[in-house]
Amino acid sequence: MEDREHIVGKSVKRVDAFEKVTGRAKYTDDLCDKSAYVAKILHSAVAHGIVKSVDTKEAEQIPGVVKIVTCFDVPKNYFPTAGHPWSTDPAHQDVQDRLILTDHVRFYGDDVAAVVAENEVAAAKAVRAIKVEYEELPFVLDVQKAMEADAPLIHEEYPGNILKHTTIKNGNYEEAKKEPGLIRVEGWYNTPTVQHCHIENFICYAYMEQGRIVIVSSTQIPHICRRVVGQALGIPWGQVRVIKPYIGGGFGNKQDILYEPLCAYLSTVVGGRLVKLDVSREETFVSNRVRHAIRTHIISYVRPDGSFAARKIECFSDQGAYASHGHSIAAKGLGAFPQLYPCPNVEGDAYTVFTNKPVSGAMRGYGIPQAMFAVESHTDDVAKALGIPPYEFRWKYLMPKGFTDGFSKNKNHYDTFHQCMEKGKAYIDYDRKFQEYNGQTGEIRKGIGVAAFWYNTGVWPISLETSSCRMVLNQDGSIQVQVGETEIGQGADTAFGQMAAETLGIPFEQVHVMTVQDTDITPFGTGAYASRQTYMAGFSINQTAALLKSHILDTAQELTRHTKESLDLIDGNIVRKGDGEILMSLAELATEKLYSLTNNGHLTAESTYQAKTNAYSFGCTFAEVEVDIPACRAVLTNIVNVHDCGKLINPALAEAQVHGGMSMGIGYGLSERLIFDEKTGKPLNNNLLDYKLSTFMDHPHLEGHFVENYEPTSAYGTKALGEPPVCSVAPAIRNAVLQATGVAIDEIPLTPHILFRRFKEEGLI
């Protein structure tokens with residue numbers, strides 16, 4: 001009889017906990033030799049223009065300056081930067097519109113020249129001494145103004161500055177809206193440009209070794225990085241080696257190729273010497289990536305009972321100056337619209353539009369925080385117009401059990417929305433508070449709001465989904481595990497170790513997950529993004545562990561003279577299934593096999609799994625606020641997130657992910673916004689003093705709960721967790737303000753100046 005201890009589902013200590021709390025964990029900067037040259041970038045001081053000349057004479061005279069490279073010196077190999085899997089189909093490849101340095105600058109902060117110096121002081125002085133002559137061109141910062149006929153053209157090959165436009169159409173919207181008795185509800189909803197604000201800014205260093213370029217980078221996507229550097233430099237991809245050590249957060253910013261190609265190129269022009277490029281916080285805000293600001297227009301035709309007859313949506317996504325992840329963000333948000341509240345007659349358009357602003361890329365939630373703010377704000381607006389309580393409306397019309405998306409084939413296997421909503425409602429005492437807060441008239445008012453979210457897992461069927469894993473048995477019975485999925489601070493290595501231990505049948509402590517990815521030795525994988533880590537890696541870990549276990553039991557058969565079918569590996573021991581007797585330890589087996597004079601062997605396993613499934617994650621947020629109307633201030637006083645992300649591999653890690661997402665969502669809803677000077681295009685608050693990142697002082701107690709519905713398509717029953725927690729926080733806060741004041745706010749963050757404008761319009765002040 002099997003007596004197996006299950007490690008999946010337990011809150012075991014993080015495998016990297018000791019190193020991180022003691023400061024022993026080595027990040028990119030810790031690993032770089034002190035002899036490294038220092039590189040710094042000269043960024044454009046105009047929002048749009050042509051570089052006519054670059055005068056480097058004065059800069060070159062500064063002691064310590066080794067090399068200055070300008071936009072006129074670099075290879076003219078256009079390359080993509082998005083962290084997407086490569087496609088052999090040219091039509092499905094990312095837009096190649098970036099150069100290592102450019103003479104056509106398209107936003108304030110674009111990359112014009114770079115300095116390599118012996119030290120940071122010399123590099124900084126040299127950057128300041130470079131003189132650039134620009135032919136300034138008109139620029140545009142507003143996403144819809146950029147589409148007008150007389151708007152400045154940012155890329156000649158994209159008329160109207162439209163990178164891409166896609167549509168969705170189900171049923172017959174035009175006919176359906178003619179149904180008698182329908183109520184029309186319309187709204188515009190705006191989300192801002194924000195930055196990821198990870199603790200560790202982007203940093204990399206590069207050098208040459210045996211004719212190859214080695215790059216050590218704080219990246220989420222080492223294998224993709226290798227390919228893009230090869231494209232940028234015009235060299236075979238195998239001549240590039242990328243190493244990813246511990247990383248201090250990414251949130252999608254490092255799911256883009258940022259400055260690895262530049263750093264690699266700079267190393268080649270100084271004889272392969274070690275060159276370090278460490279980006280400042282101010283540069284990170286502007287010259288890395290930002291979240292897409294998206295303007296959304298929704299029209300709903302609704303029956304008096306709340307059922308939707310016809311719906312239409314338009315999304316205008318501010319891409320910034322270059323394509324990066326491009327239209328995939330807007331398209332994902334558009335795709336979510338007909339799924340959350342199924343309606344038989346839907347039309348939708350999504351436009352991704354170039355502007356002369358910093359480049360928008362991937363950020364936690366990948367279009368769904370923007371979509372959920374619009375959709376869930378609109379849902380409350382619909383409920384208000386009909387006089388139906390917002391919780392009741394969602395209860396009746398959210399995606400039902402059994403719903404299947406026609407494109408992805410994702411299916412809602414459970415009554416998950418009702419389960420999540422019931423749990424959140426009970427925790428926050430929603431019913432009592434909703435009644436209590438209705439109809440308030442004082443200067444200080446309270447409100448409670450709710451918002452739901454939908455999220456998928458990984459990128460199939462849009463793009464390739466693959467994961468590879470290698471496992472090696474050591475002499476002491478422990479194993480090494482390598483996967484291409486990357487630890488970026490979220491606790492992935494711990495989850496990987498738990499899954500491997502579970503399938504193999506060995507103690508968790510005997511699993512060593514190799515946290516450093518190295519494209520020379522790490523099996524191919526596409527990295528950390530799209531909430532794919534545990535879902536996708538789970539397939540290859542499970543498959544590889546099963547192969548290794550089979551090899552181990554083959555050896556056990558040789559050594560014990562029992563049939564393979566009668567043996568099992570439990571808790572690190574070879575046991576007989578019939579009576580559970582321990583025949584030998586795995587350590588004894590490994591030592592014997594590795595040092596046998598008659599049947600020597602090295603027990604390893606490696607496999608690749610291509611996933612052709614996806615999975616929905618679901619959940620909701622309840623938020624409670626106190627609004628000071630004369631002060632035009634909303635304070636969040638209570639919040640709970642409830643998620644169905646399948647089986648929890650490690651509940652403590654899951655809760656930490658939720659808390660981090662809630663924090664990010666609070667900042668998104670209440671304070672964060674990157675502001676630009678309309679006259680120059682210059683960012684005005686690209687630092688952590690002026691950019692109002694939320695802190696513990698802005699947070700109430702963060703409460704995260706889970707509904708564990710085992711995902712049937714998953715190797716371990718798990719699915720998306722890392723990104724969903726951020727998606728529904730901002731609309732829940734907005735809807736709480738709506739209940740408190742009766743004022744529907746059409747944009748975030750809910751700063752005092754936005755509240756002032758709307759309160760004044762509605763006659764509250």
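Some notes on this structure:
- Separation of the alpha carbons by more than 20 angstrom is noted, of Lys26/Lys276; Lys564/Lys647; Lys312/Lys401, for Lys564/Lys647; Lys312/Lys401.
- Annotation: aspartates and glutamates with alpha-carbon distance below 15 angstrom to Lys76 (same-chain offsets under eight excluded): Asp97, Asp103, Asp111.
- Net charge of the neighbourhood of Leu277, taken over other residues with C-beta under 9 Å away and scored Lys/Arg +1, Asp/Glu -1, is 0.
- For Thr637 and Asp518, the FRET efficiency from 1/(1 + (r/R0)^6), where r spans their Cβ atoms and R0 equals 60 Å, is about 0.80.
- In this structure, the residue pairs whose Cα-Cα separation is over 28 Å, taken from Lys423/Lys612; Lys425/Lys612; Lys254/Lys357; Lys164/Lys254; Lys411/Lys577, are Lys423/Lys612; Lys425/Lys612; Lys411/Lys577.
- Scalar couplings 3J(HN,Hα) for the stretch 177-185, obtained by applying the Karplus form with A = 6.51, B = -1.76, C = 1.60 to θ = phi - 60°, are 6, 7, 4, x, x, 6, 9, 9, 10 Hz; x denotes Gly and Pro.
- Scanning residues 5 or more positions from Ile765 or on other chains, those with amide H under 5 Å from its amide H are Lys760, with H placed 1.01 Å from N in the peptide plane.
- Computed from the C-beta positions of Leu597 and Leu386, the FRET efficiency with R₀ = 60 Å rounds to 0.15.
- Sequentially through the stretch 382-394, phi angles give Karplus couplings (6.51, -1.76, 1.60; θ = phi - 60°) of 5, 4, 5, 4, 8, x, 9, x, x, 5, 4, 4, 5 Hz, Gly and Pro residues having no value and appearing as x.
- The stretch 131-210 and the stretch 695-765 have their alpha-carbon centroids 23 Å apart.
- CD proxy at 222 nm, helix term only [per DSSP H run n ≥ 4: -39500 (n - 2.57); per residue of the chain; nearest 500]: -8500 deg cm²/dmol
- 3J(HN,Hα) from dihedral phi, the stretch 252-268, Karplus parametrisation 6.51/-1.76/1.60, rounded to Hz, x for glycine, proline: x, 4, 8, 8, 10, 7, 9, 10, 4, x, 5, 4, 4, 5, 4, 4, 5
- Pairs from Lys57/Lys125; Lys169/Lys409; Lys13/Lys34 whose Cα-Cα separation, in the structure shown, is over 22 Å: Lys13/Lys34
- Ranked for footprinting exposure by Cβ neighbours inside 10 Å, fewest first, His92, His643 give His92, His643.
- When you count the other C-beta atoms within 10 angstrom of each residue and take the mean per peptide, 318-324, 736-742, 71-77 line up highest first as 318-324, 736-742, 71-77.
- Rounded to the nearest 20 debye, the dipole size of the chain about its Cα centre is 460 debye, using +1 on the Cβ of Lys and Arg and -1 on the Cβ of Asp and Glu.
- Annotation for Glu5 and Met697: the two label points, set 7 Å from Cα along the Cα-Cβ direction, are 4.6 nm apart.
- Most to least packed among 399-410, 42-53 [average Cβ atoms within 10 Å]: 42-53, 399-410
- This ranking places Phe524, Phe107, Phe434, Phe676 by how few other beta-carbon atoms lie within 10 Å of each, fewest first, which gives Phe524, Phe434, Phe676, Phe107.
- Placing a label point 7 Å from the Cα of Leu547 along the Cα-to-Cβ direction, the residues of the stretch 493-526 whose backbone N falls under 14 Å from that point are 523-525.
- Amide H partners (placed H, <5 Å) of Asp568, local residues excluded: Val575, Lys577
- Between Trp237 and Ile183, the distance separating the two model label sites (each 7 Å from Cα on the Cα→Cβ line) works out to 5.4 nm.
- Label-to-label distance, nm, for residues given as Lys679 and Lys396 (7 Å Cα→Cβ offset): 5.4 nm
Just so you know, all these numbers are worked out from the coordinates, no wet-lab data involved. Source: prediction; values computed, not measured. Using ideal geometry, Cβ is built from the backbone for each residue, glycine included, and neighbour counts are taken over all protein chains shown.
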